[in-house]
Amino acid sequence: MRPVYGNTGFRLNYAWCNTNCTSTASWTKRPIGLPQNEGEDPSIALDALGRPRIAYTKPALAGIGYLWCNSQCESAAAQWQTRLAEP
């Protein structure tokens, strides 16, 4: 499911919780930095070091995108990178 914000579309966010994760207040989310309305149907996995890897559908059936973060992923200074994985 993708979040929808009125008529402005949606943005893909990364959310995390390190303690007391049954409480909504313990969760933090940050935008990943993709353009608005890009990042549909995301699927996330963590690598062996616990870093997020996300595959997603690009708009208008343009292919499958791939996002990854290797540095400061659980902060506003996260270093997200992206590329087209499959046209």
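The values are calculated or read from the model by the stated rules, or taken from the named source; none is laboratory data. Here the structure is a predicted model, which means the values were calculated and not measured. A quick note on method: Cβ atoms are made from the backbone with ideal geometry, for glycine too, and the neighbour counts reach across all protein chains shown. Each accessible area value is taken on the protein alone, full model and side chains, heavy atoms only, with ligands, DNA and RNA left out. Shrake-Rupley method; radii C 1.70, N 1.55, O 1.52, S 1.80 Å.
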Residues being under 16 Å from P87 (Cβ atoms) and out of contact with any strand residue (DSSP E or B) (no Cβ under 9 Å at 6 or more places or on another chain) - total across region 14-68
2
If you go through region 54-70 one residue at a time, do you hit one that is farther than 15 Å from L12 by Cβ and among the polar types (S, T, N, Q)?
yes
Give me a count of the residues in region 18-29 that are within 17 Å of the chain's Cα centre (by Cα) and open to solvent by less than 100 Å² (accessible area, probe 1.4 Å).
1
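Which of the residues belonging to region 45-87 are of a type in the set (G, A, S), closer than 22 Å to N18 by Cα and open to solvent by 80 Å² or more (accessible area, probe 1.4 Å)? Lay out the reasoning, then the answer.
In the first step, residues of region 45-87 are kept if they are of a type in the set (G, A, S); the result is 45, 48, 50, 55, 60, 62-63, 65, 71, 75-78, 85.
Now narrow it down to the ones that are closer than 22 Å to N18 by Cα: 45, 48, 50, 71, 75-78.
The answer is A48, A76.
Any residue at all in region 30-44 that's β-branched (V, I, T), surrounded by 14 or more Cβ atoms within 10 Å (Cβ to Cβ), in a strand (DSSP E or B) and touching a residue at least 12 places away in the same chain (Cβ under 8 Å)? Step through it out loud before you land on a result.
Step one: filter region 30-44 for residues β-branched (V, I, T), giving 32, 44.
From the residues that got through so far, the ones that are surrounded by 14 or more Cβ atoms within 10 Å (Cβ to Cβ) too are 32.
Still in the running and in a strand (DSSP E or B): none.
No, there is no match, as no residue in region 30-44 is β-branched (V, I, T), surrounded by 14 or more Cβ atoms within 10 Å (Cβ to Cβ), in a strand (DSSP E or B) and touching a residue at least 12 places away in the same chain (Cβ under 8 Å).
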